[in-house]
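Below is one structure, written out as C-alpha cells; comments come after it.
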Amino acid sequence: MEKKKTSFKIPHTYVLLIGVMLVMAILTWIVPAGQFERIEQGGRTIAVPGSWHAVDANPQGFFEIINSIPRGLTDSAAISFFIFLIGGAFTVINETGTVEALIYKLSQKLKGAEILVIPVFLLVFGIAGATLGFSEETIVFIPMGISLALALGFDSVVGMSIIASGAAIGFSAGFMNPFAVGIAQGIAELPTFSGMGLRIALFLVLWVITSLYIMRYALMVKKDPTKSYVYNKLDPKHDLEKSEFVALEKRHILVGLTFLAGILAIAFGVIEYGWYIQEIGAIFMITGVIAGFVYGYGPSKVADLFVAGAKDMVFAALIVGVARSIVIVMEDGMIIDTIVNFLAGTVEGLPGALAAVAMYAIQIIINFIIPSGSGQAAATMPIMVPLADAVGITRQTAVMAYQLGAGFMDSIMLTSGVLMAQLSIAKIPYNKWVRYLGPLMIIWLLIGVVFLVFAYYTNYGPF
C-alpha cells in the first residue's frame, strides 16, 4: 500500500494575523494589566522609564475581538487609502511599458560588458524598492530578468536575483520607502524620511556587497554551466529576442521624466515642508495620472488602470487594518505596557548597542509571523517605540531595527507569498534558492548588526 504524502501548507497571511490577535486576546486574561506614565516632551509623547504600575484588568472577550477588526480598519484608513493611491498610480505608469523599455535600453548599452548588467539592474530595482517599496511589483519583471540572464550566459538564479534581490536591498534600506520606513516613522512620531543619510549609506553598502556576490556566482556559471544550482533546467537554445521587450520611444522618456519629477517633488516636500502620507499620496496620484496622459491615454483609460491598480492593493491595504486590530486588542486589554516592561527588563541589563541588536532579533522573529512590511510596522512599532525610550535607544534606531528585521528575511522565508510567487515563475526549487542565497543572507544580517551598533553609538536621530 502506498502511503499518502502529507504536506504542510503555510496559512494565509490573514489567518496568521487573526491567529496572533487571538493569542493576544488570550494573553489579556493571563498577563497582568499595567501602564507606564507618559509625558509630553518636545512635542512627543514618551513613556517614563521605570514608571510601570499595575491597573485593573480588562480581558478581551468574543465581541471585543471581532469589533477590533473594523476599529483597526478605521484607525488605519489614512495608510490604507495611501496604499490604494500608490497602487493605482504605479499601474498606470507600468502599463505604458516605460519600465520595460528602459530596462531593455540598459541591456543594449551594456553589450560587451554583460557582467555590468548585474550592478545596474540591482541599482535600478534597489532604488525602486527604496522609494516605492517594490515587492509584489517585482513578480511581473522576473520572466524578463531570467530571459536577459540566460541570453547573457548566466542562469535563472541570476535572472531572479537581479530583480528580487535588488528590490530587497532597497526595501530593507528604505531611505524613502513610504510602505515601511514612512509608516514606522509616523508611528514613532519622527519626521518623515528623517535620518536618510545613514539609510542611503546602508543601501550603497548592500548594493556593492550584493553585486559582488551575484557577479561572482554569474561568472562561475558562465565559465562552467554545471556549477549552476539549476543546471538541469538550463536551456542552451534560449536566446534574447528583441520582440520580448518594448522599444524605447519618446513618450516613454516623457513618462520617465514625469515619474522622476514626481519623486523629486516628494523629496523636496518631505525635506522642506515635512510632508507625510497625505501629501505624498497626492503627488503619486497626480504623477500617475499625468504619466498616463503624457503617454497618450485618454481620461477613461487612465481611470480604468488606476482602479485596477488600486484593486491589486486590497490585500496590502487590509493587512494594515487587520494588523492594527492586534494592537487594539492589546491596548484595550492593557497588556502592551506590561509586555514592553518585560522586554525592557530582558534588555535593560545589556549594553545599549546589544539592546539595539536584541530589538533587531525580535523584529526578525516577528517577521516570520507577519510577513508584511506595513503590517509589521503597524503591529510592532507601538511596542518598540516605548521600549526604545525605556532602554535609552533613539527612536530612529528602533525604526532601523524594524526596517532591517522586516526586510531581509522576506527574501528567504517560506511565509513570504511574494517569494513563493517569484520562485514559482522562475521555476527555482525553494531548497536551491536557500542554498544559493543563504551565505548572502548571513552577510546581510551581519551588515544590519554593524549599522545598528553604529546607529547606537552615534545617537542616530533626530531622536
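Return the residue satisfying two criteria in turn: it lies in the range 405-428 and is part of a helix (DSSP H, G or I) and in contact with a Leu (Cβ under 7 Å, 6 or more places away or on another chain), and of such residues it is farthest from Ala355 (Cα to Cα). Give the steps one after another, and end with the answer.
Residues of the range 405-428 that are part of a helix (DSSP H, G or I), as a first pass: 405-411, 417-426.
Keeping just the survivors that are in contact with a Leu (Cβ under 7 Å, 6 or more places away or on another chain) gives 408, 410-411.
On the way: Phe408: 19, Asp410: 23, Ser411: 25 Å.
Going through the qualifying residues, I end up with Ser411.
Of the numbered conditions (1) in a helix (DSSP H, G or I); (2) hydrophobic (A, V, I, L, M, F, W, C); (3) within 18 Å of Ser374 (Cα to Cα), Phe175 satisfies every one except a single condition; which is it? Of the numbered conditions (1) in a helix (DSSP H, G or I); (2) hydrophobic (A, V, I, L, M, F, W, C); (3) within 18 Å of Ser374 (Cα to Cα), the odd one out for Phe175 is (1). Residues that are under 14 Å from the mean Cα position of the chain (by Cα) and either modelled with pLDDT under 90 or of a type in the set (A, V, I, L, M) (or both) within the range 397-414 comprise Val399, Met400, Ala401, Leu404, Ala406, Gly407, Met409, Asp410, Ile412, Met413, listed in sequence order.
Got a number for residues in the range 66-83 being part of a helix (DSSP H, G or I) and under 16 Å from Ile187 (Cβ atoms)? Talk me through it step by step, then tell me what you get.
Residues of the range 66-83 that are part of a helix (DSSP H, G or I), as a first pass: 66-75, 77-83.
Okay, now just the ones that are also under 16 Å from Ile187 (Cβ atoms), so 72, 75, 77-80, 82-83.
Summing the residues that are part of a helix (DSSP H, G or I) and under 16 Å from Ile187 (Cβ atoms) in the range 66-83 gives 8.
Can we say Gly97 is more than 17 Å from the chain's Cα centre (by Cα), under 28 Å from Ile428 (Cα atoms) and surrounded by fewer than 24 Cβ atoms within 10 Å (Cβ to Cβ)? Step through it out loud before you land on a result.
Working: more than 17 Å from the chain's Cα centre (by Cα): yes; under 28 Å from Ile428 (Cα atoms): yes; surrounded by fewer than 24 Cβ atoms within 10 Å (Cβ to Cβ): yes.
The answer is yes for Gly97.
Conditions tested, residue by residue: (1) buried (at least 22 other Cβ atoms within 10 Å of the Cβ); (2) in contact with an Asp or Glu (Cβ under 9 Å, 6 or more places away or on another chain); (3) on the phi > 0 side of the Ramachandran plot.
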{"position": "Ala180", "(1), (2), (3)": "yes, no, no"}
{"position": "Ala184", "(1), (2), (3)": "yes, no, no"}
{"position": "Glu189", "(1), (2), (3)": "no, no, yes"}
{"position": "Gly197", "(1), (2), (3)": "no, no, no"}
{"position": "Ile200", "(1), (2), (3)": "no, no, no"}
{"position": "Leu212", "(1), (2), (3)": "no, no, no"}
{"position": "Arg216", "(1), (2), (3)": "no, no, no"}
{"position": "Lys223", "(1), (2), (3)": "no, no, no"}
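Among residues of the range 235-266 being in a helix (DSSP H, G or I), in contact with a helix residue (DSSP H, G or I) (Cβ under 9 Å, 6 or more places away or on another chain) and at pLDDT below 80, the one that is surrounded by the most Cβ atoms within 10 Å (Cβ to Cβ) is Ile263.
Among the listed residues Arg38, Arg44, Arg71, which satisfies the condition of being among the charged types (D, E, K, R) and at pLDDT 90 or above?
Values: Arg38 fails: at pLDDT 90 or above; Arg44 fails: at pLDDT 90 or above.
Of Arg38, Arg44, Arg71, the one residue that is among the charged types (D, E, K, R) and at pLDDT 90 or above is Arg71.
Taken together, Ile412, Ile383, Ile425, Ile393 contain a single residue that is in contact (Cβ under 8 Å) with a residue 24 or more places away in the chain, under 19 Å from Met21 (Cα atoms) and of a type in the set (Val, Ile, Thr), which is Ile383.
Of all residues in the range 141-156, count the ones that are surrounded by 24 or more Cβ atoms within 10 Å (Cβ to Cβ), within 15 Å of Tyr229 (Cβ to Cβ) and either under 11 Å from the mean Cα position of the chain (by Cα) or not polar (S, T, N, Q) (or both).
Going through the range 141-156, the residues surrounded by 24 or more Cβ atoms within 10 Å (Cβ to Cβ) turn out to be 141, 145-146, 148-149, 154-156.
Narrowing the set further to residues that are within 15 Å of Tyr229 (Cβ to Cβ) leaves 146, 149, 154-156.
Remaining after also requiring either under 11 Å from the mean Cα position of the chain (by Cα) or not polar (S, T, N, Q) (or both): 146, 149, 154-155.
Residues in the range 141-156 being surrounded by 24 or more Cβ atoms within 10 Å (Cβ to Cβ), within 15 Å of Tyr229 (Cβ to Cβ) and either under 11 Å from the mean Cα position of the chain (by Cα) or not polar (S, T, N, Q) (or both): 4 in total.
Checked against (1) part of a helix (DSSP H, G or I); (2) under 28 Å from Ala78 (Cβ atoms); (3) among the aliphatic types (A, V, I, L, M), Leu190 passes all but a single condition, namely (1).
Does Ala377 meet the test of being modelled with pLDDT under 85, in a helix (DSSP H, G or I) and small (Gly, Ala, Ser)? Reasoning before the result, please.
Numbers: modelled with pLDDT under 85: yes; in a helix (DSSP H, G or I): yes; small (Gly, Ala, Ser): yes.
Yes; evaluated as a whole, the condition is true for this residue.
Against the condition over 29 Å from Met313 (Cα atoms) and either of a type in the set (D, E, K, R) or out of contact with any helix residue (DSSP H, G or I) (no Cβ under 7 Å at 6 or more places or on another chain) (or both), how does Ile447 come out, does it pass? Answer is no for this residue.
The values are calculated or read from the model by the stated rules, or taken from the named source; none is laboratory data. Since we're looking at a predicted model, the values are computed, not measured. Virtual Cβ from ideal backbone geometry, glycine too; neighbours counted across all protein chains shown.
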